[in-house]
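The values are calculated or read from the model by the stated rules, or taken from the named source; none is laboratory data. Just so it is clear, the structure is predicted and the values come from calculations on it, not from any experiment. Glycine gets a Cβ as well: all are built from the backbone with ideal geometry, and neighbour counts include every protein chain shown.
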């Protein structure tokens with residue numbers, strides 16, 4: 001089927017900005033040779049737990065982030081194409097956007113370049129969200145897996161972010177931004193917005209977004225953080241991985257279409273749903289795949305809001321068990337630890353690595369290793385209380401008595417620390433979809449030149 | 001009889017949001033996919049039994065014909081990142097699926 005217009009070519013550079021140190025000049029340079037219309041990178045907004053949002057701390061090593069930003073900026077500058085980066089810092093908080101902006105400015109100063117940037121902030125106030133709640137915009141029908149949102153949970157949140165769709169990003173590009181640093185955003189929206197800005201239709205644009213959001217994970221063998229190029233056409237998308245050892249196949253793209261979603265057939269996002277029931281997948285050659293037939297339907301405007309709130313302070317103790325009799329007697333020993341430490345006012349969670357730590361209650365294999373590691377986590381209102389509770393756990397394990405005991409030197413093997421102070425700990429307070437009147441209004445965009453011209 | 005691990009190209013688990021985990025089982029060709037689909041090996045009941053969870057905790061079992069793949073979504077026992085979390089991403093929860101028997 002001939003295309004109606006020239007395809008839009010996107011370079012997906014990575015699905016995880018700053019996640020690891022960048023490998024020098026691998027697939028990214030090959031991708032630049034393909035003359036893409038734009039470069040897009042997602043900053044690894046995969047569900048990383050509530051800690052980083054609640055504490056608003058960096059998820060990655062800052063130097064790795066800076067190195068990634070540098071190569072992305074250099075590539076975009078060389079080709080004179082826009083660069084779009086989203087969910088800055090992983091959590092997309094305002095501080096994380098500013099952190100990326102500072103790095104971009106510093107790179108700009110060194111390069112003698114002033115990048116025309118758009119910073120799109122996504123944090124929300126408790127008042128705004130409670131207002132939406134009063135308007136009946138966050139009912140349990142919208143987010144069925146969770147209890148309904150409450151004002152108390154909003155107030156218990158230390159940070160709240162709205163997850164933006166394509167709309168604010170598209171607007172920023174239309175206003176002339178050449179580097180977009182977006183706060184918390186739907187992974188696919190970064191790519192979809194950029195594709196639509198370049199002229200693609202929504203169906204293929206959102207399909208491209210879903211396929212590209214983790215860059216090289218759409219291809220096989222499994223490699224993180226390498227580049228993929230997509231041609232977005234009138235009725236679909238053609239993908240090609242840029243790392244020589246990788247190829248896209250039916251199964252590799254199928255795996256990506258299913259990745260981190262409840263179903264491969266429908267992808268809901270702010271303002272619309274991508275229907276893939278009629279999708280056709282064709283392997284064009286030994287490394288390129290074409291996907292055709294996406295349908296995009298607009299829906300009532302709504303965004304997901306994420307929030308995390310502090311629950312206290314956390315401490316850990318790690319103990320090794322090697323005596324077969326101690327290992328066999330763990331359950332009553334741990335029950336006593338839980339009871340006594342719990343009575344002291346701390347919350348306690350115990351995981352036994354080598355038995356069932358990884359799968360917990362879902363573990364069907366009832367075999368225990370010849371050695372295990374007992375990891376005790378305590379949570380309490382103050383760090384001192386959490387530490388004391390962890391220390392108590394450790395001492396109880398050390399002095400544990402069990403049937404068949406032959407030793408008197410200590411019932412566990414200890415590492416150097418009696419306990420490890422883990423700092424404040426958080427829980428999800430908000431993880432709800434919220435109706436909004438307008439998909440751009442919750443997000444604040446600033447246009448700024450970052451760097452200095454030579 | 002063959003084990004699912006011998007027949008599948010990929011068997012993965014990962015969170016879909018903070019409250020559910022999904023298992024992705026991908027095959028290399030439509031024949032092997034069809035064999036597993038026709039034998040009704042992957043069902044809400046078989047998954048619930050393998051994991052010792054109530055069948056209502058299996059939220060969806062989806063046959064993705066175009067991709068020669070299955071997706072299963074289950075409720076997480078607790079939200080990701082809760083105290084005592086040992087698998088924040090839900091990336092290591094698929095082991096019981098490896099041993100599913102396929103006629």
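Numerical summary
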quantity: Residue selected from segment A:235-264 under the condition away from chain B (no Cβ under 13 Å) and part of a loop (DSSP other than H, G, I, E, B), by the criterion nearest to residue A:10 (Cα to Cα); calculated: A:242
quantity: Among (1) surrounded by fewer than 17 Cβ atoms within 10 Å (Cβ to Cβ); (2) more than 7 Å from chain A (Cβ to nearest Cβ) - the single one residue B:90 does not satisfy; calculated: (1)
quantity: Residues being out of contact with any strand residue (DSSP E or B) (no Cβ under 6 Å at 6 or more places or on another chain) and either at pLDDT below 95 or over 23 Å from residue A:215 (Cβ atoms) (or both) - total across segment A:94-115; calculated: 7
quantity: Residues within segment B:54-69 that are surrounded by fewer than 17 Cβ atoms within 10 Å (Cβ to Cβ) and part of a loop (DSSP other than H, G, I, E, B), tallied; calculated: 1
quantity: Odd one out for residue B:81 among (1) crowded, with 17+ Cβ neighbours inside 10 Å; (2) part of a loop (DSSP other than H, G, I, E, B); (3) on the phi < 0 side of the Ramachandran plot; (4) within 10 Å of another protein chain (Cβ to nearest Cβ); calculated: (3)
quantity: Residue check for residue A:219: buried (at least 22 other Cβ atoms within 10 Å of the Cβ), closer than 16 Å to residue B:26 by Cβ and within 12 Å of chain B (Cβ to nearest Cβ); calculated: no
quantity: Options B:41, B:72, B:36; residue that is under 27 Å from residue A:250 (Cα atoms), in a loop (DSSP other than H, G, I, E, B) and more than 7 Å from chain A (Cβ to nearest Cβ); calculated: B:41
quantity: Test result for residue A:376, within 30 Å of the chain's Cα centre (by Cα) and within 9 Å of chain B (Cβ to nearest Cβ); calculated: no
quantity: Options A:264, A:241; residue that is at pLDDT below 95 and either buried (at least 23 other Cβ atoms within 10 Å of the Cβ) or closer than 18 Å to residue B:67 by Cβ (or both); calculated: A:264
quantity: Filter pass, residue B:25 being within 10 Å of the chain's Cα centre (by Cα), surrounded by 19 or more Cβ atoms within 10 Å (Cβ to Cβ) and more than 11 Å from chain A (Cβ to nearest Cβ); calculated: no
quantity: Among residues of segment A:428-454, those that are touching a helix residue (DSSP H, G or I) at 6+ places or on another chain (Cβ under 8 Å) and assigned to a strand (DSSP E or B), counted; calculated: 9
quantity: Of all residues in segment A:267-304 being under 23 Å from residue B:59 (Cα atoms) and touching a helix residue (DSSP H, G or I) at 6+ places or on another chain (Cβ under 6 Å), the one that is surrounded by the fewest Cβ atoms within 10 Å (Cβ to Cβ); calculated: A:267
quantity: Test result for residue A:410, on the phi > 0 side of the Ramachandran plot and outside any strand (DSSP E or B); calculated: yes
quantity: Those helices (runs of 4 or more DSSP H) lying entirely in segment A:91-200 with at least 3 residues free of Cβ contacts under 8 Å to residues at least 24 places away in the same chain; calculated: A:94-111, A:126-134
quantity: Strands (runs of 3 or more DSSP E) completely within segment A:286-359 that count 1 or more residues being away from every other protein chain (no Cβ under 11 Å) and over 30 Å from residue A:234 (Cα atoms); calculated: A:302-321
